[in-house]
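A.B. asks: Got a structure here, written out as structure tokens. Questions coming.
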Amino acid sequence: MNRDLFIQAVLRFCAGALIVSFLLFLPAGTLRYPQGWLLMGILFVPMFAAGLVMLKKNPELLKKRLNVKEEETEQKEVILLSAVMFLAAFVLAGLSFRFGWWMLPFPVSIIAAIVFLAAYALYAEVLRENTYLSRTIEVQEDQKVIDTGLYGIVRHPMYMATVFLFLAMPLVLGSVISFVIMLCYIPIIAKRIRNEEKVLTEGLQGYEKYKRKVKYRLVPFIW
């Protein structure tokens with residue numbers, strides 16, 4: 001086991017859990033926010049399990065997933081916009097619970113949690129199919145075009161999974177206001193995809209041919 005990678009992953013995991021918990025429970029004014037605990041559970045328990053699996057079977061992929069340093073200027077803007085979106089969505093979810101602003105019934109949160117976990121499984125399958133997936137936009141050494149499995153349906157199945165994940169989150173939290181805010185993710189991810197495809201088309205051999213073969217970026221028959 002790579003000790004340094006393990007420590008880095010654990011520290012990143014703990015930091016993420018602490019940040020999300022503060023953003024949810026401080027605005028809520030209480031730890032008795034069941035939807036908040038539901039999200040924490042379905043978000044961080046699978047994340048911890050997935051990290052252990054990658055550490056054992058594909059540490060290089062885990063290392064790529066931990067790298068968040070973007071070189072592309074346009075992608076830095078995407079990361080900033082995403083951070084602001086998540087900050088606003090989580091804080092307003094906590095405030096919505098505290099003050100009763102347009103809160104959804106708890107059964108909606110349960111259904112949204114099921115959708116979230118299904119999207120998480122889809123996300124895991126994408127990671128299994130494509131070991132080149134880093135969190136930054138780049139063309140890696142010896143990288144090849146993946147055109148089988150989910151990549152034979154849409155060009156960006158990972159982003160398709162994240163759309164379901166991120167839109168399910170505010171519904172798990174029971175907040176209508178947060179859901180409206182998270183809809184901003186759609187134009188944000190569209191901006192990221194356009195820039196990513198430009199980089200891949202210019203730097204990855206065979207990607208232009210792949211775009212002609214698989215016509216849809218995110219949603220079959222739509223876009």
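Every read-out reported here was derived from the displayed coordinates using simple, explicitly stated rules and does not represent laboratory data. The structure displayed is predicted, hence computed values, not measured ones. All Cβ positions, even for glycine, are placed from backbone atoms using ideal geometry, and neighbour counts span all protein chains on display.
A.B. asks: Filter region 191-214 down to the residues that are outside any helix (DSSP H, G or I) and over 16 Å from Met158 (Cα atoms) and list them by number.
C.D. replies: Matches in region 191-214: Leu204, Gln205, Gly206.
A.B. asks: Follow-up question, since we're still on this one. List every residue pair whose Cβ atoms sit under 9 Å apart, with the two residues 6 or more apart in sequence or on different chains, where the first one lies in region 106-130 and is in contact (Cβ under 8 Å) with a residue 60 or more places away in the chain and the second, anywhere, is of a type in the set (S, T, N, Q) and surrounded by fewer than 18 Cβ atoms within 10 Å (Cβ to Cβ).
C.D. replies: Once the first residue is in contact (Cβ under 8 Å) with a residue 60 or more places away in the chain and sits in region 106-130, its partners that are of a type in the set (S, T, N, Q) and surrounded by fewer than 18 Cβ atoms within 10 Å (Cβ to Cβ) give Leu127/Asn58.
A.B. asks: I need the full set of residues from region 27-47 which are exposed (fewer than 13 other Cβ atoms within 10 Å of the Cβ) and farther than 16 Å from Leu171 by Cα, in order please.
C.D. replies: Result: Thr30, Leu31, Arg32, Val45.
A.B. asks: Something else: Would you confirm, using the coordinates I've provided, whether Ala9 is over 22 Å from Phe106 (Cα atoms) and not charged (D, E, K, R)?
C.D. replies: yes
A.B. asks: For the condition of a type outside the set (Gly, Ala, Ser) and over 21 Å from Ala168 (Cα atoms), what is the one hit in Leu11, Leu23?
C.D. replies: Working: Leu23 fails: over 21 Å from Ala168 (Cα atoms).
Checking each option against the conditions leaves just Leu11.
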